[in-house]
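This report refers to the structure that appears directly beneath it.
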Amino acid sequence: MTEISGKAPKRHKCYEDSHRDMIETAVGLISEKGLESLSMAGVARVMGVNRTTVYYHFKSREMLVEAVKCWSSAQLSKAFEIAGPQQERIDYINRFVLENPELIKLWIEDLVSPGDIRNSYPHWDEFVRGVGESFKRRCDNDVIDAEVFCVMLLTTSIIGVRVFKNSVCPEADNETVIARFRGENLRMLKAANLLVM
């Protein structure tokens with residue numbers, strides 16, 4: 001006889017792996033052909049599974065797109081988990097933005113739409129708090145609005161590098177763009193007394 005504990009049943013590891021694989025397949029399809037081309041049938045076809053299997057994981061295309069947005073946010077948030085110097089975090093974000101333009105379009109759409117930023121950027125409060133504390137320690141008389149400053153940093157990091165690559169210097173390779181943005185980001189952080197090496 002089994003006892004009912006009230007806990008949700010554990011899913012088999014294969015479920016989690018399949019779920020992640022479907023999200024990553026969707027990411028690949030969006031990156032290759034754009035959001036408009038994403039379909040449940042397309043994910044099933046690429047993975048070699050039945051479309052019903054995809055619907056088991058994601059009840060609708062919208063839920064799959066939402067999972068892709070969460071995946072993108074998690075990838076961008078990894079920059080704050082890197083234990084190395086700020087320049088490594090800057091490079092990580094710039095590289096992700098340059099290598100995943102279609103995903104960034106999704107993320108930007110969420111970012112500029114009404115709603116709580118914490119839903120698309122889970123480390124927001126931690127980011128603002130850290131910047132605010134740095135300003136308090138390093139700036140004697142200047143009162144800096146940490147939230148506004150963080151919005152400026154975030155939008156520059158996400159949108160600026162794409163604008164530069166697409167419209168200002170389209171012939172530049174990604175590594176050149178990353179190096180140029182690293183230099184200016186580091187100078188900006190140094191000017192704001194936020195550079196930590």
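The values are calculated or read from the model by the stated rules, or taken from the named source; none is laboratory data. Please read these numbers as outputs of a predicted model, since none were measured by experiment. Note that we place each Cβ from the backbone using ideal geometry, even for glycine, and neighbour counts take in every protein chain shown. Side chains are part of the model used for accessible areas, which takes the heavy atoms of the whole protein and leaves out ligands, DNA and RNA. Shrake-Rupley method; radii C 1.70, N 1.55, O 1.52, S 1.80 Å.
What to note about this one:
Residue by residue, here is whether (1) modelled with pLDDT under 85; (2) in contact with a Phe, Trp or Tyr (Cβ under 8 Å, 6 or more places away or on another chain); (3) of a type in the set (Val, Ile, Thr); (4) at positive phi holds:
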site: Trp71; (1), (2), (3), (4): no, no, no, no
site: Leu76; (1), (2), (3), (4): yes, yes, no, no
site: Ala79; (1), (2), (3), (4): yes, yes, no, no
site: Ile93; (1), (2), (3), (4): no, no, yes, no
site: Glu109; (1), (2), (3), (4): yes, no, no, no
site: Asp116; (1), (2), (3), (4): no, no, no, no
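- Subset of the stretch 91-134 that is open to solvent by 20 Å² or more (accessible area, probe 1.4 Å) and among the β-branched types (Val, Ile, Thr) - its residue that is nearest to the chain's Cα centre (by Cα): Ile93
- For the stretch 166-197, the set of residues classified as open to solvent by less than 40 Å² (accessible area, probe 1.4 Å), in a helix (DSSP H, G or I) and in contact (Cβ under 8 Å) with a residue 40 or more places away in the chain consists of Val177, Ile178, Phe181, Asn185, Leu186, Leu189, listed by residue number.
- Residues satisfying the stated conditions in the stretch 96-134, i.e. within 26 Å of Gly183 (Cβ to Cβ), touching a helix residue (DSSP H, G or I) at 6+ places or on another chain (Cβ under 6 Å), in contact (Cβ under 8 Å) with a residue 40 or more places away in the chain and part of a helix (DSSP H, G or I): Val97, Leu98, Leu103, Ile104, Trp107, Phe127, Val131
- Any hit, the stretch 61-69, residues being surrounded by 16 or more Cβ atoms within 10 Å (Cβ to Cβ) and at pLDDT below 85: no
- Selected residue (criterion: surrounded by the most Cβ atoms within 10 Å (Cβ to Cβ)) from residues of the stretch 135-155 that are at pLDDT 85 or above and either among the β-branched types (Val, Ile, Thr) or outside any helix (DSSP H, G or I) (or both): Val151
- The stretch 19-76, residues that are charged (D, E, K, R) and part of a helix (DSSP H, G or I): Arg20, Asp21, Glu24, Glu32, Lys33, Glu36, Arg45, Arg51, Arg61, Glu62, Glu66, Lys69
- Test: Val27 is open to solvent by less than 20 Å² (accessible area, probe 1.4 Å) and either in contact with a Gly (Cβ under 9 Å, 6 or more places away or on another chain) or at pLDDT 85 or above (or both): yes
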